[in-house]
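Structure first, then comments.
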Amino acid sequence: MHFCASCREPLKLDQTLVERYPEWQTLNAGAPRKSKLISGKNTAQRQTSSVTSSIQLLQQSAGSDYSQISSPALATTSGLGGNLGHATSMIGNLFDIICSDVAAIDHPMCQECTDKLLDCMDQQLHQLEEDCKEYKNLSDRLDGQKERQGTSTGTSASDQHLDLNSLKAEVLKLQGEEAGLQAELARLESEETELEKKLTEEGEELKKVSEDEERLWKTYRDLSRQVQELSVEDQSVHNQLRYANAQLEKLKTANVFNLTFHIWHSGHFGTINGFRLGRLPNEVVEWSEINAAWGQTVLLLYSLGRKISLKFKRYELIPFGSHSYVRCLEDNNKELPLFCSGGYKFIWDTKFDSGMVAFLDCLQQFKEEIDKFGEIRLPYRMLKDKIEDNGSDYSVKIQFNSEERWTKAMKCMLTNLKWALACVSSLHS
């Protein structure tokens with residue numbers, strides 16, 4: 001069995017090859033025969049027909065007539081029995097003859113591959129023919145150019161001699177010009193070298209100047225920022241100075257005692273720094289608030305006495321917040337409290353009343369002292385433990401006294417103290 005050299009498909013032999021190649025008869029004649037099936041020329045023809053009957057006809061093309069072997073052909077070939085090997089050998093010999101006569105390949109090709117090969121060869125042949133035409137046209141043009149050049153070279157020898165002299169003179173002239181141009185070129189190259197050197201130096205100088213400029217700009221930015229910060233700081237200092245001057249002028253005209261001790265009234269109560277001094281049946285005030293009010297009152301009179309360098313007689317004021325008291329200098333420094341907690345003990349304790357009487361005595365001493373700087377009249381006259389208002393006397397003692405009258409006495413006492421504060425401020429303004 002043989003295969004196609006291109007697609008590797010099995011091949012079968014066409015009947016026409018037997019007619020085209022007589023060697024087939026020779027190879028077939030030398031084949032062994034069985035006596036039962038073959039006799040003489042008729043038996044050989046039956047063997048030939050039995051082999052060739054299984055081979056399908058192929059179209060003849062360019063000396064290659066092959067096609068693929070089909071299953072019926074193999075079945076027919078197998079039916080030959082003992083003659084199958086001999087028939088296959090003869091077919092192989094015939095293929096060898098075809099390959100050696102027709103092509104240079106060792107194996108035949110099928111019909112389809114043969115057609116493709118022929119088409120490819122036709123294209124190559126057509127391309128070669130086109131190349132031959134182009135080469136011929138080019139050869140013809142070259143021949144025509146040679147002929148035209150031959151006709152144009154018919155000049156005389158004298159003309160050629162003159163042309164040679166003129167060419168020599170032209171060559172000498174060009175050589176002189178070349179020497180001059182070379183000298184000019186050398187001079188220009190020297191100038192170029194000097195200019196490049198200067199350019200390098202200028203580039204370095206420019207780089208240095210650029211670095212200096214960048215450094216100066218950086219310094220300028222830093223200084224500008226510092227100037228701006230100092231300007232803002234200076235403006236802030238000026239604003240603070242103006243504010244301080246304004247506060248100073250305000251403080252110069254302000255009364256420190258008025259700012260520190262604000263004496264006012266709230267209904268029937270006299271108040272100092274918001275603390276009520278007094279009690280009413282229908283409006284109870286806690287003793288803690290009354291004690292705080294007495295502490296502020298003692299501190300105010302003590303400060304006013306120090307302001308005018310007054311040393312009280314018989315008594316000494318001890319400001320101690322809500323537990324302030326008056327020390328009696330004539331009674332072994334006895335402490336008279338100006339605070340109270342109320343309750344049952346308060347009814348029989350007279351120290352709180354004695355302390356309030358002693359404080360009113362100190363206030364009267366203060367009034368007499370400031371009278372030395374000019375006659376000053378307080379709104380309410382004070383005498384011992386009483387304060388007079390519109391012909392009525394109000395005692396500062398709380399025992400055996402109503403809460404309304406005691407509250408009224410406290411309010412009048414705070415009013416006199418406010419006037420005394422204003423007098424001291426006017427004396428020292």
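Any read-out appearing in this document is the output of simple, stated calculations on the displayed coordinates, not a laboratory observation. These numbers come from a predicted model, not from an experiment. In this analysis, Cβ positions are derived from the backbone assuming ideal geometry, glycine residues included, and neighbour counts consider all displayed protein chains.
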**Prompt:** How do I263, I376 rank when sorted from fewest to most other Cβ atoms within 10 Å of their own Cβ?
**Reply:** I376, I263
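Could I get the Rg over Rh figure for the stretch 256-427? Both from C-alpha atoms, Rh via Kirkwood, rounded to two places.
Rg divided by Rh gives 0.93.
All other residues with a Cβ under 15 Å from the Cβ of D385 taken together, and with Lys, Arg as +1 and Asp, Glu as -1, what is their net charge?
+3
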**Request:** For each of L188, L310, count neighbouring Cβ atoms within 10 Å of the residue's Cβ, then give the residues from fewest to most.
**Result:** L188, L310
**Fill in**
Extension length gain for D222 and V237 (0.36 nm per residue less Cα distance), in nm, is 3.2 nm
**Selection from A358, F400, I370, by position along the positive dipole direction of the stretch 256-427 (Cβ)** = I370
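Can you give the relative contact order of the stretch 256-427 as a percent, counting alpha carbon pairs under 8 Å and 6+ residues apart?
Working: 278 pairs, mean separation 41.4, N = 172.
Reported as a whole number, the value is 24 percent.
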**Request:** List D389, D222 from most exposed to least, where exposure is judged by having the fewest other Cβ atoms within 10 Å.
**Result:** D222, D389
